[in-house]
Amino acid sequence: MGVPTNFRAILLATFVAFEPHSGRVVGFLFGYDIGVISGCLIMDDFVDRFGEPDSSGVFILSPSRQSIITSLLSAGTFVGALAQAFTSDRFGRRGSILIWSAVFTVGTAIQTATVRSLAQITIGRFIAGLGVGAMSAIVPLYNGETAPKAMRGMLLVLYQLQIIIGIFISYIIDLGTHTIKGSASWRIPVGLQMLWGLILLSGIFFLPESPRHLLGTGKEDEARRVVAELNSLPEDDPVVLETIEELEYGIRAENEGGKATWLECFSERNKLWKRTLNGMMLQFIQQLNGQNFYYYYGDTFFKSAGTNLSPYAIQAILGGVSVAGTIPALYLIETWGRRNSLLTGSVMEAVCALIAGLVGHFTLAPAGTPADQLTKRNRQGGDTLIAFAVLHVFSFSVFWGPTPWVYLGESFPLRVRPKAIALGSATNWIWNFLLGFFSPRIANDIGPLILLIFFGMLVFGYVYVYFFIPETKGLSLEEVDEMYRAEVKPWNSANWRPSEKHIHEKAGTATEVREEKDSKDEDSV
């Protein structure tokens, strides 16, 4: 019996984070698209082309136009996250990645080619959003089905890391191009997305299809080749055969009820309603952690502390903090586990939000106060708020940023996995849209006290995770399914182990399935 090295598994499963030939990243591509527009909105040429004149004849981007340009991406991501469930089942995970990568590239080309049409750039944003939303669901799905279980969490965090790096690099490029005269100031950062998309499209052809999907569609020989390749073993090696048998057993059990429907995601069967609700709730809580608020209002906070940094520099600082925070998550997700990461993050972020909100409310000077009029109390309060804002963003990046996506990618059986992940991803994007739409209005009325809303959500998040989110670290997707069926209490889940009886029965039943299939093949001959 050979010893699986997992080298090929790691290489192929992490393609969705690193493109093996160019070093560019898929997650990077999506993060870049999300982050690049914020800098463009305050570039002079962009405002002149897509803004409207005010009473004095100066062109400005009104809040309504900014909302249209930014929110259309979120609208597209919501639709794309749901739509990928149909392509993932019909065309496979690999084919679906190819389709939505092409959609994304088309959307970025439309944006880059825009001259002065607000409608064209918003339509391009929507189309690009379709690709972003779809891929935000497909990537956890694909990595969850192809990665070795001992490294699945780390690989999904790696994808999140590349999203953060993409956002950070977009801020750096905006910082570097915003002084260029003419449309190149925004066309360069926006147009670079086409290059990322084309690199992604060229690399997709090196990806194997998910072995679980291949078996689910009756392509056993191809599934065996993929499993052998992922483990760097011959196709007839006992490790490969046992892996195929285990997958066949799980798929057979999952498919006994026929083709899955959207309603099944909320059914009692295998506690699917609970698993779907958990996935959606984690995405909901993640968006209301408060970290995005600092990106929206970091400029105001830094100025209240007396800094003269530009909005571009402030974005770059917060982006760098996010990158630094996601790196330790690669290790912690497999050592502390999913559950402990979420609980720890809730406490750390809640403390930061509470202190920053109260200090900001009671000590900051009114917005727009000249720097030479700031008192010592104003400056100390601003410094304190900035410190806890940075710590909040860092804590989010370590814990609540990647972990909900990891959990979403490993919580569902094959038959409903694309649909359940689609529901979780769509929840993330709809709340991302609502947060971006409403938080500026709320903050305009109550200022830093909006952070107390996020504090309350983080307290709620701690309670919800403690009572409803089980630990899935180190379990195969089939073992996660068994744990839910066994109705293990979440607070006891870290010590739960799959039953030996279940494992032996699985192997035996899978062998019977194989023998029955071979018998039918011989009869047909």
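Points to keep in mind about this one:
- Listed peptides 81-93, 175-187 by packing density, highest first (mean Cβ within 10 Å): 81-93, 175-187
- With a simple spin-label model that places each label point 7 Å from the Cα along the Cα-to-Cβ direction, the separation between L118 and A387 comes to 4.4 nm.
- Sum of side-chain charges, G107 neighbourhood, beta-carbon under 11 Å (Lys, Arg +1; Asp, Glu -1): 0
- The listed peptides 126-132, 233-239, ordered by packing as a protection proxy, come out as 126-132, 233-239 (highest mean of other Cβ atoms within 10 Å first).
- Cut-off 19 Å, label 7 Å out along Cα→Cβ of E52, residues of the range 111-133 by amide N: 115-123
- When only Cα pairs below 8 angstrom with a gap of at least 6 residues are kept, the range 70-141 shows a relative contact order of 51 percent.
- A crude spin-label estimate for the pair Y331 and A486, with each label 7 Å from Cα along the Cβ direction, gives 3.1 nm.
- Sum of side-chain charges, F50 neighbourhood, beta-carbon under 11 Å (Lys, Arg +1; Asp, Glu -1): 0
- In Hz, Karplus ³J(HN,Hα) per residue of the range 55-61 (6.51, -1.76, 1.60; θ = phi - 60°; x = Gly, Pro): 4, 9, x, 7, 6, 9, 9
- Residue separation of F467 and F437 scaled by 0.36 nm, minus their Cα-Cα distance, works out to 7.7 nm of gained length.
- Summed side-chain charge close to V465 - residues other than V465 whose Cβ falls under 10 Å, Lys, Arg +1, Asp, Glu -1: +2
- Within the accessible surface of the range 98-148, defined with a 1.4 Å probe on protein heavy atoms only, the carbon and sulfur portion equals 80 percent.
- With the simple model of a label 7 Å out from the Cα in the direction of the Cβ, R252 to A371 spans 7.2 nm.
The values are calculated or read from the model by the stated rules, or taken from the named source; none is laboratory data. In this text, all values refer to a predicted model and were calculated from it rather than measured experimentally. Quick reminder, even Gly has a Cβ in these numbers, built from the backbone with ideal geometry, and neighbours come from all protein chains shown. These area figures cover heavy atoms from the full protein model, side chains too; ligands, DNA and RNA do not enter into them. Shrake-Rupley method; radii C 1.70, N 1.55, O 1.52, S 1.80 Å.
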